[in-house]
Structures are given as structure tokens and as C-alpha cells.
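Below is one structure, written out as C-alpha cells; comments come after it.
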Amino acid sequence: METAIPYLETGLEHNEYCVWVIPTWLTSADAYALLKEKIPNFAQYQAQGQIKICTTNEWYLRFGKFEPHVLVQAWMKEYNKAMSGNWDGVRILGTPYWRGHRDWKSVVAYENLMEEKVGMLKLLVLCLYDITDLEIYQILDLASSHKFAFVKCDHDWKYSNKVAEVNQLNNLAKMVAGIVHEIRNPMTAVIALMQLLQGKEELQGYQNLFGSIIDEMHRANGIIAEYLSMVGQKQRTVQNRNLNQILHNLMPLIKAEASKQKKQVRFFPSEIDDIAVDEKEIRQVLLNLVHNGFEAMERDGILQIKTYMHNDNVVLEVQDDGHGIPPEVLHRLGQPFLTTKEGGTGLGLYVTFKILKFYHATVKVDSSPMGTTFSIAFPSVCGENQATPSTPSA
């Protein structure tokens, strides 16, 4: 209350419409009584409809369950309603009802969506978290989504040392990324030199050796590229793009790789909405999933790629007919350095999941001894048209 009451009082004094989603231990009647006691002229603010108080169930679970996109739309409706009046802005005081919430990804998605909206509107949102109730990954998720501050209380800070440790690791990762980038340049020169020597007639007896060196250098270069993707901070160019068009542009490359490996690929496009993405990143996601699918299959295996609409989402499916993912690995997908392939880096899916998380895409993986299907649902730009899978394209 030491923070909540001054926060709301300041908003009321500055002609802002205030919304307070109260914690579970407080009733609406007690909240109004508390504000009336602590804030001068509160009865006047209340009479002119300048403040609204909701319980967590009335707001966060107003539609029966926690729905990030629907909740944000509800906030925007509340904002537009307030701004159509005579208020100079809107001030929200939220409460972390989801403490212990099982679907933390939905919570993070909600926080990210709210952060995007706040920057464009006359809207101020404050949510107070007790970090002693959170795991370290939850603290980092919240810190990466918002402007934040740690406020020291009387009790010990459960994770203060760990937060400092993570900051050190982030700095170390940036330093290592710089070193790795410098290693890449001489590696490129070595590859070019080996290819030049490979063409010399007097060195024909060393062809196998040169070939092995070049292959290993390319493999090392691939590992470096994946590592840089994992730790690098990229400038994204997010634009409305159609997934079918991106796949259409990639199909010659995908089919060439399928032919090289004596495998098949079939593309089942449907009419779909655009998605807001950086095309280069989505190409990387697609190629990673296709590459994994090819590696999982035997000769003459068939990789199927489908696109369609479902619940206002653009869905991408990549299905192989390999032997499936071991159960002990399946639930750990997306973790760095997790691999079952000889010579694999375990970074491909980590980078893929990291990219998809940025675009609020949800990933579902179904796997059995008959094969594996990755289903990825992207929020569509329009959210209107729906279609079903059609016949394969040539």
C-alpha cells in the first residue's frame, strides 16, 4: 500500500482515469474505504467516475480463463472509453494474480503485449511483484519485457546474487561473441586457400585431404554462425509478410536439398493472412525445421509442409516420417546444446524457439515412432480469414 496509494492519488490529482485491480486478499469495499481514508477528496473523484476497482477474478478471469490477447483488447477498450471522456490519461495499477500460474508463457505473452501498447498511448501501468515469490527465470522474463526497478524491503533478497551473476554471464556472452566473430574472418580465408590448392594439378594426390579440411571448416563455421545467432543482438525489420510467399521463395532450395538426400518434400499451402515478422528470421526458422526433418528421415522419406488458418492464427506445420523424438528429449526441446545427432551443436532449435517467442508464436510438437510434427501458430495481422489445407502444389 505504501506504493499503491500515492500512485493512484497522483493520477487522480492529474485528471487521469484510474483502474486498480486489487490483490486477492482485499475486497472492493475495503479498497474503496482505504482510498477514502488516505486520499483527500476521494469521494469527489469516485462520484465523477474517475476510478474503477476490480477484483482479480473480475478482470483477469473475466472470460473464464486467462487469455492474453483478449485481456489486452479489454484494456484497450477501457482506455478508449476513458479517453473519449475528459480525462488527460489512464493509469492502471495491476496485481500479479498469476503467482504460481502454470502457463507462464501466457503470462509473459500478456506482459509483452501490454508493454507494446503502453509506449503508444497516454497510459501508465504499474504492477508490483514480490521477487521472493518468483523463480529466477520469471524475474528475467519480466525484466526483459518492461522498464523495472528493484525496491529493497526488510527481508533478504532471495535472488540478488543470481541476478548479478546473470548480468555477468550476459557481459561474458557479448565478449565471447566478439571474439568468435573475429575468428570467422581468418577461417573464411583458410577455406578460400584450401579451395585454391584443391584446384592445383600438382596437388591432385591430396584431394581427399583438402576436401576433409574444407568440410570441417564449413562445419566449424556453421557452429559459429549458430552461436552468433544465439547471443547476438539483431536489428529486426518487422513487416507484414505472407508465409506462403516466403515458403514459395525457399522451395527451390528445399527441393534441391531433398533431391540431394534422396528424399521428398510436399507443400500444402492454404489461403492465409499476413504475419508481422522479419523475413530473414522466419527463413531461418523454416530452414532449421526443414533441415531437422530431413535429418530425422531415412532415404525416400517424405517431408510435408502445410499452412492454414486456425482461430485467427496462421499455422505452419512441418511433418516428417522419421522415427520420432525420444520422450526424455521431447520435453526439453528448445534448450541450448540439446542434441541427439552426432556432431550436432544443439543450437538450431534453441535459436528457432527464441525467434518464435519474440513473435508470440506458440509451438506444439507431436512425436511418435511414425514421425514428428511441429505446429507453429503465428498471430495474424488481420485475424479474419480462415481456410483449410488444399491440394499439394507442384
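In terms of the mean number of neighbouring beta-carbon atoms within 10 Å, the peptides 18-27, 187-196 order highest first as 18-27, 187-196. Rounded to the nearest 20, the size of the Cβ-charge dipole of region 239-379 about its Cα centre is 300 debye, with Lys and Arg at +1 and Asp and Glu at -1.
Distant-in-sequence amide contacts of Val265, defined by a placed amide H-H separation under 5 Å and a gap of 5 or more residues or a different chain, comprise Leu303. Remark on Leu124: its backbone amide H falls under 5 Å from those of Val90, Arg91, Ile92, a criterion applied only to residues 5 or more positions apart or on other chains, H modelled at 1.01 Å from N. Sorting 278-284, 80-86 by average packing, meaning the other beta carbons within 10 Å per residue, from highest down gives 278-284, 80-86. Shown in residue order for region 302-307 are the 3J(HN,Hα) couplings computed by the Karplus curve 6.51 cos²θ - 1.76 cosθ + 1.60 at θ = phi - 60°: 10, 9, 10, 10, 10, 10 Hz (x for Gly and Pro).
Dipole of region 239-379 computed with +1 at Lys/Arg Cβ and -1 at Asp/Glu Cβ about the Cα centre; of Gln284, His360, Val314, farthest Cα towards the positive end is Gln284. The string of couplings for region 260-276 from the Karplus curve (6.51, -1.76, 1.60, θ = phi - 60°) is 4, 8, 6, 10, 10, 9, 10, 10, 10, x, 10, 5, 9, 6, 6, 10, 8 Hz, one whole number per residue in order, with x for Gly and Pro. Legend: distances between Cα atoms for Lys105/Lys306; Lys77/Lys122; Lys52/Lys77; pairs beyond 22 Å are Lys105/Lys306. Near Tyr7, once Lys and Arg are set to +1 and Asp and Glu to -1 for all other residues with Cβ below 14 Å from its Cβ, the sum equals -2.
Take each of the peptides 375-381, 356-362, average the number of other beta-carbon atoms within 10 Å over its residues, and list them starting from the highest. Mind dumping the intermediate values first?
Details: 375-381: 19.9, 356-362: 18.1.
The densest-packed peptide leads the list: 375-381, 356-362.
Any read-out appearing in this document is the output of simple, stated calculations on the displayed coordinates, not a laboratory observation. Keep in mind that what you see is a predicted model, and the values were worked out from it rather than measured. Reconstructed Cβ throughout: ideal geometry from the backbone, glycine too, with neighbour counts over all protein chains shown.
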